Amino acid sequence: MPTKIAPEVARPVPTGRRESAPFPDKDQIRRFIAESPGRVGKREIARAFSITGDQRAQLREMLRELREEGVFNHRKTGRAQGRSSLPNVCVLEVDRIDSDGELRARPLDNTDAAEHSIIYLAPATPSQGAPGVGDRVLARLERLDGGSYQATAIRVLDAGGRQVIGLFSPDGNGGRIQPADRRARSDYLVANEHCGDAKAGELVLAAILPGRHLGLPRARVTEHLGNIDDPNSISLLAIHANFIPTQFSDAALAQADAAQPAALDKRTDLRALPLVTIDGVDAHDFDDAVWAEADGDPANPGGWHILVAIADVAHYVRHGDALDHDARERGNSVYFPDRVVPMLPEALSNGLCSLKPGEDRACLAVHIYLSQDGEIRRHEFVRALMRSSARLNYAQLQKALDGHLDDALEPLMASVVAPIYSAYLVLETARRKRGTLELDLPEREIIFAPDGSVARISQAPRYDSHKLIEEFMIAANVAAAETLEAHKTACVYRVHDQPDAAKLEGLREMLAGFGLKLSTRGHITPLNLNQILAKAADGPNQHLISTLVLRAQARAEYSPHNFGHFGLALKRYAHFTSPIRRYADLLVHRALIAALGFGEDGLLPGAETEFAEVCVHISQTERRAVAAERDANDRYTTAYLATHVGADFPGRVSGVARFGLFVELDESGADGLIPARSLGAARPRHDPARHSLSFGATHVSIGDRVVVRLADADTLTGGMIFELLEVNEKPWKQRSGGNPSKKRGRTAKASKRGKRRKGK
């Protein structure tokens, strides 16, 4: 029997849509603005009062009236009067490139507006190159809705502090750096005295030298990243190109090394329960463990009692200490095919916080009671001490579920695995009933050879065991959000807005080309999109249509204001289950500790005033991590296919632009470009509505099946160029003299040619 738990928190009944709420009056909006710790605009107001659909027009009219009354200080935004704003022209410093490739800048003054404003920087003219990170620019500012700014560079004042990553090639006067960024406009010259010990074929990090120079810009080598032929250099490229922090402070490392295991003390003792961790075979940090049993309550026939135990990171990482500072800066761990850049030092992430089998570990756990339909009836959190009984991996568990038991799982099957799987089935029932968006796109899996080179690239397997853990974690995350709301405690929500109207209209047009109709009546729900996905299931365009639906979605983010999670069809949701690798989860842990009186190491009074700023930051670091991971996967894929230049591959047109066709290969999922200039003698006509390029009566459109030849694979930039051979099983006549492997701007490095594959 499980340990006796404290009185339960009743759970509100969830729905898949936002609750209708009465429209706020002017006084309510005034109070909301005055009491909000962060910056407030129309979007924040709409979210706070659950204003959707036609009510948005009513909100705009009310905000117009409030502006006329002097409540707001700018005609384009709903910012509260008295909050400072930036001048029309000011000096900015470019501080980073975000995950969307946008330059982000900050003002050089110390006003409140300077501290909290989000500024996007663009060049003054199409011919003017955008400034780089570290540049100081004189810029003209235009305030946007939501409180951000669009800055137009007038001139660059100082180009100090910029960096470039690229391939070093020596020459008689020093050397040259070929940038790894495919968007770079030129190479960089390196004088003899600035080369250091850089060698031919070496990847380097270099500082761009300020000042004006005749010819190519100049740089100075500052760091050596390894030889381009070394597979380990690929992830280093992605790390530096995306500004991923890699060094912990000495104070943080010392604090982690000095940490001691938590004692039982006032914690609930869960060590007798056979909790198990279930992760990937290569995982080293285990931050969640699960257990289940049939609910013995006669009032809940067919119900289940599940337990989700999460590493108690808040016990070791306190608000404002050195570990907290470094974790907040990183925002999250970043996972590459060959390494991990952790949010916490390994002494914690792989040590005291990791729920290793047979070792006592501090945890924050939640008991959840499910009905036979998978609905959460009640839940209760405990701060506990646990001991994992086994470390399982997804493939191992799936084999067991399919009837192939190994020696490790056989004694656990009846008492541990079977109850967990049965509880998952009722959670899955509730998921389908709720109408969660059923997007399940395959992911690339990069398999390494013993020497570190890429052996093969394939689609990662997708098991029921993956879904099992996902559903257990979703239930725990919902319980966390509900508990904090019940105790009126600030929460960092994981929110996902409804798709933008313009994106939905574009999706409708795309789907119409495949004979699929997306409803135009009322609000779009995940169920509407699931119907489209079901119609496309097992068809030739299934993957493409799933991708199109994904592209139409809003970006999930973190917010102190709740407006639900569209994709999961949940009214409230908070990340709680991965505090080792996500700072948002650590904040939720602290909030729960404070709300439930679990100790003095919870959320400090007044700390919630930082939530708005922190949520913006960790949403950005998440996007940065995703971009870096994608960048590394693309480069590894390119490195692998570079040995197959000249080979033919089947694929599908995944995108159409005026300058060419984007193609995704079937086997590897690799992406590359067919330049428009290589497709025909006449300039093709681009039809954005039909997503096609036309050559007279011949059309190439998104979704078309193609066979392409790999013409060039540049490991440095991660770019691939294809030649078009077939479209929908019909040969394509190439333009005479076309040379798609020739790159504009600089000469491509000669690629190693492989033998062409026959029958492809």
What's the number of the condition Gly403 fails, among (1) of a type outside the set (Ser, Thr, Tyr); (2) crowded, with 18+ Cβ neighbours inside 10 Å; (3) farther than 17 Å from Leu273 by Cβ?
(2)
Do the conditions hold for Leu344, that is, is it under 22 Å from Ala283 (Cα atoms), at pLDDT 95 or above and assigned to a strand (DSSP E or B)?
no
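Taking the stated definitions as given, is Leu405 modelled with pLDDT under 95 and not assigned by TED's automatic domain parsing to the domain that holds Val308? It would help to see each step written out before you state the result.
Details: modelled with pLDDT under 95: yes; not assigned by TED's automatic domain parsing to the domain that holds Val308: no.
Judged against the criteria, Leu405 is not a match.
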Select, from Arg39, Arg60, Arg67, the only residue that is outside any helix (DSSP H, G or I) and either under 26 Å from the mean Cα position of the chain (by Cα) or at pLDDT 60 or above (or both).
Arg39
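Got a sec? Which strands (runs of 3 or more DSSP E) wholly within segment 579-694 have at least 2 residues that are outside the structural domain of His543 (by TED's automatic domain parsing) and crowded, with 20+ Cβ neighbours inside 10 Å?
Details: elements: 648-657, 660-665, 671-675, 685-687.
Result: 648-657, 660-665, 671-675.
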For Thr436, work out the one condition from (1) surrounded by 14 or more Cβ atoms within 10 Å (Cβ to Cβ); (2) outside any loop (DSSP other than H, G, I, E, B); (3) of a type in the set (S, T, N, Q) it doesn't fulfil.
(2)
If Asn300 satisfies every condition in (1) farther than 27 Å from Pro605 by Cα; (2) within 32 Å of the chain's Cα centre (by Cα) but one, which is the exception?
(2)
Taking the criterion of being at positive phi, more than 30 Å from the chain's Cα centre (by Cα) and assigned by TED's automatic domain parsing to the domain that holds Ala594, would at least one residue in segment 306-325 satisfy it?
no
Which residues, counting only those in segment 217-259, are touching a residue at least 40 places away in the same chain (Cβ under 8 Å), more than 25 Å from Pro170 (Cβ to Cβ) and in a loop (DSSP other than H, G, I, E, B)?
Asn242, Phe243, Ile244, Pro245, Thr246, Phe248, Ser249, Ala259
Qualifying positions in segment 372-392 - crowded, with 17+ Cβ neighbours inside 10 Å and of a type in the set (S, T, N, Q):
Ser388, Ser389
Out of all the residues in segment 354-370, is one or more of a type in the set (A, V, I, L, M, F, W, C), touching a strand residue (DSSP E or B) at 6+ places or on another chain (Cβ under 9 Å) and not in a strand (DSSP E or B)?
yes
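Give the residue that is farthest from Glu380 (Cα to Cα), with candidates limited to residues of segment 485-522 that are among the hydrophobic types (A, V, I, L, M, F, W, C) and touching a Pro at 6+ places or on another chain (Cβ under 8 Å). Spell out the reasoning first.
Keep residues of segment 485-522 that are among the hydrophobic types (A, V, I, L, M, F, W, C), which gives 486, 490-492, 495, 501-502, 504, 507, 510-512, 514, 516, 518.
Those still in the list that are touching a Pro at 6+ places or on another chain (Cβ under 8 Å) too: 490-492, 507.
Details: Ala490: 18, Cys491: 17, Val492: 19, Leu507: 42 Å.
Only one residue fits best here, namely Leu507.
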Given the condition in contact with a strand residue (DSSP E or B) (Cβ under 9 Å, 6 or more places away or on another chain), crowded, with 16+ Cβ neighbours inside 10 Å, among the aliphatic types (A, V, I, L, M) and assigned to a loop (DSSP other than H, G, I, E, B), answer yes or no: does some residue in segment 303-325 qualify?
no
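Is it true that Met510 is in contact with a strand residue (DSSP E or B) (Cβ under 9 Å, 6 or more places away or on another chain), farther than 30 Å from Ala642 by Cα and outside any strand (DSSP E or B)?
Details: in contact with a strand residue (DSSP E or B) (Cβ under 9 Å, 6 or more places away or on another chain): no; farther than 30 Å from Ala642 by Cα: yes; outside any strand (DSSP E or B): yes.
Judged against the criteria, Met510 is not a match.
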Among the residues listed as Pro298, Pro357, the single one being assigned by TED's automatic domain parsing to the domain that holds Gln459 and free of Cβ contacts under 8 Å to residues at least 12 places away in the same chain
Pro298
Counted residues in segment 368-387 being more than 23 Å from Val426 (Cβ to Cβ) and of a type in the set (Gly, Ala, Ser) come to 1
Just name the residue that is surrounded by the fewest Cβ atoms within 10 Å (Cβ to Cβ) out of those in segment 469-504 that are farther than 23 Å from Gln553 by Cα and charged (D, E, K, R).
Lys488
Could you go through segment 706-727 and let me know if any residue there is part of a loop (DSSP other than H, G, I, E, B) and over 30 Å from Gly166 (Cβ atoms).
no
Evaluation of Leu507 against (1) buried (at least 18 other Cβ atoms within 10 Å of the Cβ); (2) within 16 Å of Phe563 (Cβ to Cβ) (one fails), failing number
(2)
Under 7 Å between Cβ atoms, at least 6 apart or on separate chains: pull out the pairs that start in segment 438-460 with a residue that is closer than 30 Å to Ala537 by Cα and end on any residue that is of a type in the set (Lys, Arg) and loosely packed, with under 13 Cβ neighbours inside 10 Å.
Ile447/Arg456
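The values are calculated or read from the model by the stated rules, or taken from the named source; none is laboratory data. From a predicted model like this one, the values you see are computed outputs, not experimental measurements. Using ideal geometry, Cβ is built from the backbone for each residue, glycine included, and neighbour counts are taken over all protein chains shown.
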